[in-house]
Amino acid sequence: MMTYKEVVHIGKVNLLPLISELYGLEGYEISLIDTQEGGRNVVYNGEKEGADAKIIRIAFLPDRSREELLGELEYIRYLFERGGNVSDVVNSKKGKLLEEITHDDHTFFVCLFEKARGKKLAENNYQYREGVLITEYYYNCGKTLGKLHQLSKDYQPVHRRYDFFDKFNVEYIDQLIPDALSLLKEKLAELLKTLEELDRSSESFGMIHFDYNDGNYMIDFDTGQITVYDFDNSCFGWYLYDLADLWRSGTGWIAGEPDASKRKKFMDDYFKTALEGYQSEAKIEDSMLEKLPLFIQVTLMENIVDEFEYVRNHDEELECDEELSYLIKCIEDNIPYMGFFHDIFSCEEPFEYEMRDI
């Protein structure tokens with residue numbers, strides 16, 4: 001299987017000239033965005049004086065079909081055209097959302113996006129807008145997500161993305177995770193059984209981002225507007241999953257606090273504000289909101305599966321580091337809320353647990 005480094009080399013020599021021609025990017029200064037080396041995409045930034053900046057994405061792994069990639073891009077275009085705060089897809093000169101380039105018998109899928117206005121929170125040293133309370137940001141995070149979910153309730157795809165259970169099912173997890181982690185596999189099977197019994201009506205279940213956090217949106221620090229991007233993990237799932245990711249995002253603001261009761265008070269207030277923003281755009285039943293702890297566990301499952309997939313896809317030897325061991329411990333021992341209010345949590349080493357052997 002082709003590696004990230006190989007694609008970067010091929011991109012520079014062979015792909016970028018073709019992409020520039022396909023999308024009319026002559027005169028743009030194109031630079032590689034330094035992402036995780038094991039990532040599924042190679043991403044470039046395109047800048048040109050007097051023109052809007054662009055983002056080039058080259059998908060090279062075989063685990064996304066053309067139809068699935070089109071499903072993602074069509075969904076983004078749908079959201080953008082209806083006022084969702086997302087980075088729009090840019091059509092190629094042929095009018096296509098997705099282009100294919102074959103080189104040495106390997107197919108690369110290429111798409112282009114408008115670059116979101118603003119900066120990531122991390123790029124602004126986690127400082128919000130001067131003179132504005134941080135609660136505005138919490139509210140806007142919820143409001144932006146709520147608008148996307150409300151639009152999703154009427155979404156009828158042409159090319160359908162995969163469903164949550166297409167990826168997260170007992171058979172797949174049993175094949176992916178080593179038998180040495182039998183208790184983990186048993187607990188994940190129980191979690192999946194619980195999910196199978198939940199409501200999947202259009203009010204609860206639809207297209208979701210599936211990776212909603214401050215690494216995947218920009219903030220316009222003049223206005224506070226959030227623009228969401230990176231829908232590469234988007235799928236049909238419960239809206240509450242994205243809200244659980246939103247809850248998780250808040251832990252970073254208070255993870256250094258040694259008093260668990262103060263962490264709990266902060267998280268209650270944070271999520272209340274974010275939820276007010278969300279509910280200004282979308283309705284969610286109290287009966288679903290009560291399942292937030294369940295879906296926080298589901299986000300842990302997603303992270304665990306992602307780690308094992310990374311090892312498999314890159315033919316590496318698995319090492320249960322402190323972060324992965326922490327997630328596994330929370331699942332195996334039924335510790336709710338990521339252990340954030342539990343004795344397992346240490347503010348000196350947040351979300352880490354002693355390494356374990358497999």
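Some observations on this one:
- Residue within segment 98-119 that is part of a helix (DSSP H, G or I) and surrounded by fewer than 18 Cβ atoms within 10 Å (Cβ to Cβ) present: no
- For segment 332-341, the count of residues that are buried (at least 19 other Cβ atoms within 10 Å of the Cβ), of a type outside the set (Val, Ile, Thr) and part of a loop (DSSP other than H, G, I, E, B) is at least one.
- Check on residue 231, assigned by TED's automatic domain parsing to the domain that holds residue 309, on the phi > 0 side of the Ramachandran plot and crowded, with 17+ Cβ neighbours inside 10 Å: no
- Matching residues, segment 123-146, being part of a helix (DSSP H, G or I), among the β-branched types (Val, Ile, Thr) and farther than 12 Å from residue 246 by Cβ: 135
- Taken across segment 288-301, residues that are among the acidic types (Asp, Glu) and assigned to a helix (DSSP H, G or I) do not occur at all.
- Residue in segment 89-96 that is assigned to a loop (DSSP other than H, G, I, E, B), surrounded by fewer than 14 Cβ atoms within 10 Å (Cβ to Cβ), touching a Phe, Trp or Tyr at 6+ places or on another chain (Cβ under 8 Å) and among the basic types (Lys, Arg) present: yes
Yes/no matrix, rows are residues, columns are (1) assigned by TED's automatic domain parsing to the domain that holds residue 69; (2) touching a residue at least 24 places away in the same chain (Cβ under 8 Å); (3) of a type in the set (Asp, Glu); (4) over 22 Å from residue 226 (Cα atoms):
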residue: 96; (1), (2), (3), (4): yes, no, no, yes
residue: 100; (1), (2), (3), (4): yes, yes, yes, yes
residue: 105; (1), (2), (3), (4): yes, no, yes, yes
residue: 143; (1), (2), (3), (4): no, yes, no, no
residue: 148; (1), (2), (3), (4): no, yes, no, no
residue: 153; (1), (2), (3), (4): no, yes, no, no
residue: 159; (1), (2), (3), (4): no, yes, no, yes
residue: 162; (1), (2), (3), (4): no, yes, no, yes
residue: 165; (1), (2), (3), (4): no, yes, no, yes
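- Residue in segment 238-255 that is outside any helix (DSSP H, G or I), assigned by TED's automatic domain parsing to the domain that holds residue 334 and under 29 Å from residue 158 (Cα atoms) present: yes
- Single unsatisfied condition, residue 273 versus (1) in a loop (DSSP other than H, G, I, E, B); (2) assigned by TED's automatic domain parsing to the domain that holds residue 201; (3) of a type outside the set (Asp, Glu); (4) under 25 Å from residue 209 (Cα atoms): (1)
- Which listed residue, of 304, 335, 344, 328, is at pLDDT 95 or above, under 23 Å from residue 3 (Cα atoms) and either over 20 Å from the mean Cα position of the chain (by Cα) or assigned by TED's automatic domain parsing to the domain that holds residue 264 (or both): 304
- Count of segment 32-72 residues which are touching a strand residue (DSSP E or B) at 6+ places or on another chain (Cβ under 6 Å), of a type in the set (A, V, I, L, M) and buried (at least 19 other Cβ atoms within 10 Å of the Cβ): 6
- Scanning segment 256-267 turns up one or more residues that are of a type outside the set (Gly, Ala, Ser), buried (at least 21 other Cβ atoms within 10 Å of the Cβ), more than 19 Å from residue 299 (Cα to Cα) and out of contact with any Cys (no Cβ under 6 Å at 6 or more places or on another chain).
- The set of residues in segment 310-330 that are surrounded by 14 or more Cβ atoms within 10 Å (Cβ to Cβ) and in contact (Cβ under 8 Å) with a residue 60 or more places away in the chain comprises 310, 313, 318, 328.
The values are calculated or read from the model by the stated rules, or taken from the named source; none is laboratory data. Note that the structure is a prediction, hence the values are computed from the model and not measured. Note: ideal-geometry Cβ built from the backbone for every residue, glycine included; neighbour counts use all protein chains shown.
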